[in-house]
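Okay, structure first, notes after.
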Amino acid sequence: MNVLALFLTVVFLAMAGADGAIAQRGPRGGPEQSREVRESMGQIAVGLVPVYPAAHHCTPVVSPFGSLTRYDGSARANDHGGFHNGIDITLREGTPILAIAAGEVILAGAGGLLVGNYVWLRHTPADTGLPSYLYSRYQHLDQPSPLPVGRRLNVGDPVGASGKTGTVGPYYGAAGYPHLHLTLIASAGPHYEVRGDTILAPGRRFLDPLAVYMKTPVSLDNHVLRDLPPAEKRVPIPYQTSDGTRVPMDTKVIWPVACGKL
Ligand SMILES: [Zn+2]
């Protein structure tokens with residue numbers, strides 16, 4: 001075999017490989033992520049346990065980060081192995097959604113099925129008191145966000161109102177499922193690129209959103225958090241009440257929905 005023939009063979013095999021990858025489609029039609037890529041991105045079950053306040057009622061998580069099932073116990077269907085890359089909170093439509101920390105609006109739009117209307121915020125380490133840049137995405141809002149890119153929000157400022165956009169369809173039917181899906185991404189720096197309805201940031205990794213509420217997180221790495229002893233996985237939830245009081249008073253991060261009277 002001469003060099004040219006060898007070269008053509010290599011090119012052919014590479015193209016066949018690429019075709020093979022394209023043929024590997026997830027249930028939603030996108031390329032199915034490999035398990036290795038998912039794990040390296042922090043898409044693993046972490047097992048943090050929210051501890052809600054005794055003095056107020058906070059609307060709880062009904063499908064945690066890493067869950068393979070929806071709130072009703074049914075198996076998820078998505079292009080990352082059925083993995084839930086955020087937390088779900090069931091809400092009446094029109095419930096105010098709050099910025100979990102001070103931050104800047106970096107992207108807002110209307111996505112399709114599974115995405116809906118969304119807002120992305122970027123939080124600096126000074127915004128959260130945590131040693132990483134964090135990016136939060138709030139999904140299924142009832143209306144496209146009027147917030148302009150570049151707007152600074154204080155912790156607890158409204159980012160929109162809850163809705164069911166992006167949920168009406170094959171699984172939930174015409175009724176849809178009104179809820180908030182909150183995603184957290186950690187990255188070493190402030191730089192990001194917009195890709196459709198998501199952002200790419202250097203070394204970005206998914207983070208169990210509950211991690212930001214830990215008093216002193218030992219790490220913002222899901223693999224480290226997963227391996228904590230159970231007692232250290234309990235996370236008391238800081239929050240804001242409907243009248244705007246934050247508990248504890250000096251917290252920089254809060255639950256994305258106001259907590260009310262018991
Ligand atoms: Zn979700």
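Tabulated results
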| read-out | value |
| --- | --- |
| Residues of the stretch 120-131 satisfying the condition of being in contact with a strand residue (DSSP E or B) (Cβ under 9 Å, 6 or more places away or on another chain) and surrounded by fewer than 23 Cβ atoms within 10 Å (Cβ to Cβ) | Arg122, Thr124, Pro125, Thr128, Leu130 |
| Which listed residue is out of contact with any Cys (no Cβ under 7 Å at 6 or more places or on another chain), of a type outside the set (S, T, N, Q), at pLDDT below 95 and under 25 Å from Lys233 (Cα atoms), from Arg35, Arg25 | Arg35 |
| Members of the stretch 229-242 that are surrounded by fewer than 17 Cβ atoms within 10 Å (Cβ to Cβ) and assigned to a loop (DSSP other than H, G, I, E, B) | Pro229, Ser242 |
| Some residue of the stretch 143-157 being within 16 Å of the ligand (Cβ to nearest atom) and surrounded by 20 or more Cβ atoms within 10 Å (Cβ to Cβ) | no |
| Residue that is surrounded by the fewest Cβ atoms within 10 Å (Cβ to Cβ) [pool: residues in the stretch 160-211 that are small (Gly, Ala, Ser), more than 14 Å from the ligand (Cβ to nearest atom) and not in a loop (DSSP other than H, G, I, E, B)] | Gly173 |
| Residue count for the stretch 86-103, restricted to those that are within 11 Å of the ligand (Cβ to nearest atom) and either surrounded by 21 or more Cβ atoms within 10 Å (Cβ to Cβ) or over 16 Å from the mean Cα position of the chain (by Cα) (or both) | 4 |
| Of all residues in the stretch 37-50 being small (Gly, Ala, Ser) and part of a loop (DSSP other than H, G, I, E, B), the one that is nearest to Arg246 (Cα to Cα) | Gly47 |
| Residue among Gly111, Gly47 that is within 14 Å of the ligand (Cβ to nearest atom), surrounded by fewer than 19 Cβ atoms within 10 Å (Cβ to Cβ) and small (Gly, Ala, Ser) | Gly111 |
| Answer from Thr241, Thr245 - the residue that is hydroxyl-bearing (Ser, Thr, Tyr) and in contact with a Cys (Cβ under 7 Å, 6 or more places away or on another chain) | Thr241 |
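The values are calculated or read from the model by the stated rules, or taken from the named source; none is laboratory data. All of these numbers come straight from a predicted model, not from anything done at the bench. Here the Cβ is made from the backbone with ideal geometry for all residues, glycine too, and neighbour counts use every protein chain on show.
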